[in-house]
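The values are calculated or read from the model by the stated rules, or taken from the named source; none is laboratory data. Remember, predicted model here, so these are calculated numbers, not experimental data. We place every Cβ from the backbone using ideal geometry, glycine too, and count neighbours over all the protein chains shown. Surface areas here come from the heavy atoms of the whole protein model, side chains and all, with no ligands, DNA or RNA. Shrake-Rupley method; radii C 1.70, N 1.55, O 1.52, S 1.80 Å.
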Amino acid sequence: MPASLRSSFNPNPITNLFVVFMTGLTVINSINIYFEWGIIFIIGLLFYLNGYKKYFFKWIVLSILLFSLPNFMVLSNLNSVLKMFLSIPIVIRMFILPFMAASFMIKTSDVGSILSSMDKLKIPKNISIPVAVMFRFFPSYKEEKKSIKIAMKIRGISFKNPIRYFEYITVPLLIISSNIADDIAKAAETKAIENPIAKTRYIPVKVKAIDFIYSLTILGLIVGGWIW
């Protein structure tokens, strides 16, 4: 088990899911910028305390760059070329809080603890199983993508010809994605996924002080940002 999963600063997946849901609401109804920075600092600090220092600095730098962009009111007064290039980063800036919270959940939670959490919340299997498959799929996909890029670099295939580069990287990824999905489905069948009886979970989900501190702090900042 990774050290971050045993850390006293690592909230359980139930808390992480709650925070992701709450930060997702800020996309619909934005909050004051100072409260946004408070949430970014809290999640960034948890990245740092759980040993993900690189991700802490990455999210802080990305947030500074995105928050330095003009808002939609200013963007409407710019020329069409700037509108085209700045509209996508501005939309990403709107989703920075849920993206950051979800990234923290993925980095600090494993599939076993996520399934245990969903079982405690009585979440139906048709929801919990796809989530578990998703958590197993993307790490494998990321590793295979890295291997493909290394193989292309060895063969001298570069981005000088974008169309050819896109073809060489897309076709293997599609085939590998299909193989990964098949492997995960076979593993799930081997573990008796269709058996309706209750499963025994070997990874317990415990409530710690950090769960209350993290969830209540984020909730307070979001509600305070709306009221402000």
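Only one residue in L17, L46 is out of contact with any Ser or Thr (no Cβ under 6 Å at 6 or more places or on another chain) and open to solvent by 40 Å² or more (accessible area, probe 1.4 Å), so which one is that?
Working: L46 fails: open to solvent by 40 Å² or more (accessible area, probe 1.4 Å).
When all the criteria are applied, what remains is L17.
Just to check your reading of the model, which residue among Y48, Y55 is touching a Lys or Arg at 6+ places or on another chain (Cβ under 7 Å) and over 13 Å from L97 (Cα atoms)?
Details: Y48 fails: touching a Lys or Arg at 6+ places or on another chain (Cβ under 7 Å).
Of the residues listed, the single one that is touching a Lys or Arg at 6+ places or on another chain (Cβ under 7 Å) and over 13 Å from L97 (Cα atoms) is Y55.
Please verify whether segment 45-56 includes one or more residues that are modelled with pLDDT of 85 or more, basic (K, R) and either more than 19 Å from the chain's Cα centre (by Cα) or in a helix (DSSP H, G or I) (or both).
Yes, segment 45-56 contains at least one residue that is modelled with pLDDT of 85 or more, basic (K, R) and either more than 19 Å from the chain's Cα centre (by Cα) or in a helix (DSSP H, G or I) (or both).
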